[in-house]
1. Among helices (runs of 4 or more DSSP H) lying entirely in region 254-331, which contain 1 or more residues that are in contact with a Lys or Arg (Cβ under 7 Å, 6 or more places away or on another chain) and under 17 Å from Pro12 (Cα atoms)?
2. Between residues in region 216-233 that are under 15 Å from Val273 (Cβ atoms) and residues that are modelled with pLDDT of 95 or more and open to solvent by 70 Å² or more (accessible area, probe 1.4 Å), which pairs lie under 8 Å by C-beta distance while being six or more apart or on different chains?
3. Return only the number of the condition from (1) under 28 Å from Ser59 (Cα atoms); (2) open to solvent by 50 Å² or more (accessible area, probe 1.4 Å); (3) among the aliphatic types (A, V, I, L, M) that Ile314 does not satisfy.
4. Got a sec? Which of Ile93, Ile98 is open to solvent by less than 10 Å² (accessible area, probe 1.4 Å), β-branched (Val, Ile, Thr) and within 16 Å of ligand 2 (Cβ to nearest atom)?
5. Hey, among the residues in region 68-78 that are open to solvent by 10 Å² or more (accessible area, probe 1.4 Å) and in a helix (DSSP H, G or I), which one's modelled with the lowest pLDDT?
6. Name the residue, out of Thr81, Thr106, that is open to solvent by 30 Å² or more (accessible area, probe 1.4 Å), in contact with a helix residue (DSSP H, G or I) (Cβ under 9 Å, 6 or more places away or on another chain) and closer than 18 Å to Gly167 by Cβ.
7. What number of residues within region 208-217 are open to solvent by less than 10 Å² (accessible area, probe 1.4 Å) and either under 16 Å from His268 (Cα atoms) or more than 14 Å from ligand 1 (Cβ to nearest atom) (or both)?
8. Can we say Ala198 is in contact with a His (Cβ under 8 Å, 6 or more places away or on another chain), under 18 Å from Met226 (Cβ atoms) and more than 13 Å from ligand 1 (Cβ to nearest atom)?
Amino acid sequence: MNSLDDFIAGIPKAELHIHIEGTLEPELMIALGIRNGVSLSFPDAEAARKAYNFSDLQSFLDIYYRATALLLTEEDFYDLTIAYLKKAASQNIRHAEIFFDPQSHTSRGIGFETVIRGIERAFVEANSSLGISTKLIMCILRHLSEQEGMEIFDKALPWKQWISGIGLDSSERGNPPEKFRKLFERAHREGFFTVAHAGEEGSATSVREALDTLHVSRIDHGVHCMEDERLVEELVEKQIPLTVCPLSNVKLRVFKSMKEHNLKTMLHRGVAVTINSDDPAYFGGYINENYIEAAKALQLDRSDIIKLAQNSFIASSLSTVHKQLYLNEIERYTSQQIT
Ligand code: ADE
Ligand code: ZN
């Protein structure tokens, strides 16, 4: 029988919570700095990695937004995206739903079309050469106003054929879902799939509000839902998915250690949890490392891993038929394993 780590590495899975700007590895940061003539706050990749010590979400976001200043051209966004998709395919990710934060680029004078053309070119290439399917989710920065969110929404509409969903990210504290009620109403009217970060640093109330006020189909993080038993019952009953990011939660001190993470408790309670990497260039691992570290600390077994991988496709925004094709891949994979 192969090891659990090998089993995890080989199982087909979907990634549903990944910020493309959070895949900017220090090596690419250095290369972009040279190519674009932008001076960096880090002299080399090693220095950057050493500086990635975060006390909370905001301390991470400060560094994360600063690093986006290196992304200037369509080529930069293409390079960033194709590097992630190659890595994802190498880890047997079969489908990825990828966030981007256009406001962090347009605020620097980068055209919306520059960003989205670079990302889309990488998607098209990866769909054919790597056989991985992709969807793009535009995140609204919640530390900015709803009006500014509306302005980026206007800019996005001409590119609607390349955007599947609307999300909400950035600083959760002081920026409740309610602040974006009208924007999400508009997203629904335009037929977008919707998601929101909630219950990462915020409480169960934030998750409740994202569901009842924004009517999102999926919650990003959501780990604080366990504070509210009625909410948990509803998540289980309606099978509302949570995109959990274990390494991120430990790095940003949502949990003191991986052993204290509530992923297994939620999974065994029947919540539709999935494992994702959030910002892998900053948090020490891509999807397989997230599965492996969580499995080790929480003593997950093969049936837990299979359930998590199945959840990842079921929770995606793919069609029922497409989901079933991927679930069949898991079935074939598990039946081929020597027990
Ligand atoms: N943007 C990038 N990563 C994020 C996270 N973990 N939470 C909120 N916004 C983010
Ligand atoms: Zn996130």
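1. Counting at least 1 such residues, we get 287-298, 302-314.
2. If the second residue must be modelled with pLDDT of 95 or more and open to solvent by 70 Å² or more (accessible area, probe 1.4 Å), the pairs left are Met226/Thr265; Val232/Arg269.
3. In the conditions (1) under 28 Å from Ser59 (Cα atoms); (2) open to solvent by 50 Å² or more (accessible area, probe 1.4 Å); (3) among the aliphatic types (A, V, I, L, M), Ile314 misses (1) alone.
4. Ile98
5. The extreme case among them is Ala69.
6. Going through Thr81, Thr106 in turn, the sole match is Thr106.
7. Of the residues in region 208-217, 1 are open to solvent by less than 10 Å² (accessible area, probe 1.4 Å) and either under 16 Å from His268 (Cα atoms) or more than 14 Å from ligand 1 (Cβ to nearest atom) (or both).
8. No; evaluated as a whole, the condition is false for this residue.
The values are calculated or read from the model by the stated rules, or taken from the named source; none is laboratory data. Note that the structure is a prediction, hence the values are computed from the model and not measured. Neighbour counts run over all protein chains shown; Cβ positions are idealised from the backbone, glycine included. Note: areas computed on protein heavy atoms with side chains; ligands, DNA, RNA excluded. Shrake-Rupley method; radii C 1.70, N 1.55, O 1.52, S 1.80 Å.
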